[in-house]
1. Using alpha carbon centroids, what distance separates segment 258-280 and segment 577-640, in Å?
2. Pull out the extension gain between D340 and F201, defined as 0.36 nm times the separation in residues minus the alpha carbon to alpha carbon distance; nm, one decimal.
3. At what distance in nm do the modelled label points of S602 and E487 sit from each other, each positioned 7 Å from its Cα along Cα→Cβ?
4. Take the alpha carbon atoms of segment 507-583, find their radius of gyration, then divide it by 2.2 N^0.38 Å using N residues; give the quotient.
5. Suppose a student asked you for the relative contact order of the chain, using Cα pairs under 8 Å spaced at least 6 residues apart; what percent would you report?
6. Extension gain A456-T371, at 0.36 nm per residue separation less the Cα-Cα distance, in nm?
7. So how do 250-260, 619-629 stack up, highest first, on mean other-Cβ count within 10 Å?
8. In what sequence, highest mean first, do 391-399, 356-364 appear when ranked by Cβ atoms within 10 angstrom?
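Just so you know, all these numbers are worked out from the coordinates, no wet-lab data involved. Keep in mind that this is a model prediction, so the values were computed, not measured. Ideal geometry is used to build each Cβ from the backbone, glycine not excepted, and the neighbour counts take in all protein chains shown.
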Amino acid sequence: MPDISIRLRGRHPACARTLFGRNASTVAIAATLAAFALPAHAQTRPASGDGRTIVVTAIPNAREAETVIERTPGAVDIVTADAFEDTPVKHIKDVLEYVPGVIVQPRMGDDARLSVRGSGLSRAYGARGIALYIDGIPLNTSDGLVDLFEIDPSAYRYVEVYKGANALRYGANALGGAINLVTPTGRDASLLFARIDAGSFGYVKGQASSGGASGSFDYFATVSAQRTDGYREHSDGDAVRGNLNLGYQVSPAVETRLYVYGASTNQRIPGEVSKAQALDDPRAANPVWVAQDQQRNVDSIRLANRTTVRLASTTIDLGAFYNARHVDHPIYQYLDYTVDDYGGFIRAVDDREIAGLRNELILGANLHNGTLDTDQFLNVAGEKGELVQSMEDRSSNLSLYAQDSLYVRPDLALIAGVQYLHAERERRDRFLTDGDQSGDREYDVWSPRIGLLWNARADWQVFANISRSAEVPSYDAGIFPANLDLEVQRATTYEIGTRGRSGGIGWDLALYRSELRNELQCLTTQPWALCSTINADRTVHQGIKAGLDARVPLSARGDALALTAAYTLNDFHFDDDPLYGDNELPGVPRHFLRAELLYRHSGGFYAGPNVEWAPGDYFADNANSLTVDSYALVNLKAGFDAGNNWSLYVEGRNLTDERYIATVAIAGVADAGSEIFNPGTGRAIYGGIRFAW
């Protein structure tokens, strides 16, 4: 089924903001966001076969990155900063909400279910089935899980979305693909930039940044802080985050960059409640979670280096990273654990003519290893009680990948690729009074792909591909010892689509069908415990993703109406399952529409409504016995954008104060009393102002 998406084009202003918040002692930890620049292509060459000539450097801007990403024979998107900078960017949903095929369902604070093509569909906490990067540096832990707390959604110059196996460019191998968050550099950032946002439920955020260049050296640094009382009881939180990006041009052919990321987040968790409670009293927390003072507090720092070497027709990127996290996490039990991840990568891109035909070859290798050191205690009113578990988990992952694009005609490329993954998981149990839970497992997975990319016209592409993907279970799936038979999730995906622009209208459409074996489902069995992971036998994920952006001129001076829309059809179901037959897979709406219509005055004023609509009920459990109701949210925003100097904005969300379910923790079988629902946020008003010097 199709996958259509919007490519939001525009200027690429500096991202920088103002420090603020109650937990100022963590500013030192938040000394900056890690990353490295996008794949480099230093030659001057025609882009997309349409005759345009663009010089792509080691640090491409969004337009150059779009040229690179459009060589992918599948569903991909670029979201530029001007799509989300004039809004109170509270959440990664504010960045990705107009990318069709990407579903973000807020849970509380910065946490959410992030799903692409049904990836991680049953996860109520943490995300899996998708690879997240900051400037190419992995955010996922070495066993595959990723949290959204460390992401500062207002700190990026653009965001790349590679759906499904189209993420092979980064060596990613997941059903949902990859999302890469790209930070500014000193060569495209303002000397000084600041913003402040505030709004309902005690929300306030400030951010400040500075960037510049001198000769061969450039720098960019940003720090932000936020706090919120939360819409629901027991959902207050604060966060301090920072990024540092230092670049040095060793020679015309060699550039190296150092990245540092730091974050400190503290978030109380209100907990899931029954459907009736969520709709009748949406601001109330689950009293058990309040009594246990459930929280998620994370301190992290990430260091990375990336060096780019350009040799004639070949560009080589290589680097290394280290990620350290401490998580203080009182939930149904009190989890106290540290994460130490490290790794390296090398990628070579060779673009040359072979026998008169253009050929682009990508070869790469990724190493991602890590240790998860956990002590688990009884939760006594939010304090550590008796020790009940202690373990050390070690993960190692080596992936090798290759992709070749042969242009059999100037406008037609045949593409073939393959990835090999070797993964090891080992647990050393240190708490033996309940038996030895130690163990180890190894996985070897091959994932091939073939595709076709046809530049039908200068601004119009058609693509198709067939690909394989695989996901190894994460530690919280309970692979030791109870689920020693838990298998790797595998998928074969068929995709066809088109993207392009004609006059003032842009489109991006794709249809896909993924046939899965051993889909990993994390089912909620008790409202107070972690979900339990199983393998579903056979499932099908298929859908249509369609996006549109259009500009209708209203006057010769530049007044216009701007329409943006993203529609997603999610047709996910079991395939002759012994227990659930052909039931629908629960968790996300079958239809999902996000659309906005803005009046834009040539002087900088803009205003207009937008809607989020999930028509039709969907299911909360595999048995299809309990539904989540349809909903429609009406929003309105207005502002004045004076270009790169300053702007102010105000936004009203859920103006009708609709009561609805934002996300649901999936169960095998649920009933009216099942506490698996998180209510959506009620009526809210936000505003902000930003300056650049």
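1. Each part's Cα centre sits 21 Å from the other's.
2. Values: separation 139, 0.36 × 139 = 50.04 nm, distance 3.53 nm.
Gain on stretching D340 to F201: 46.5 nm.
3. 6.5
4. It is 1.81.
5. Working: 2263 pairs, mean separation 100.5, N = 693.
RCO, the chain: 15 percent.
6. Working: separation 85, 0.36 × 85 = 30.60 nm, distance 4.88 nm.
Gain in length upon complete extension: 25.7 nm.
7. My ranking of the peptides, most packed first, is 619-629, 250-260.
8. The peptides rank, most packed first, as 391-399, 356-364.
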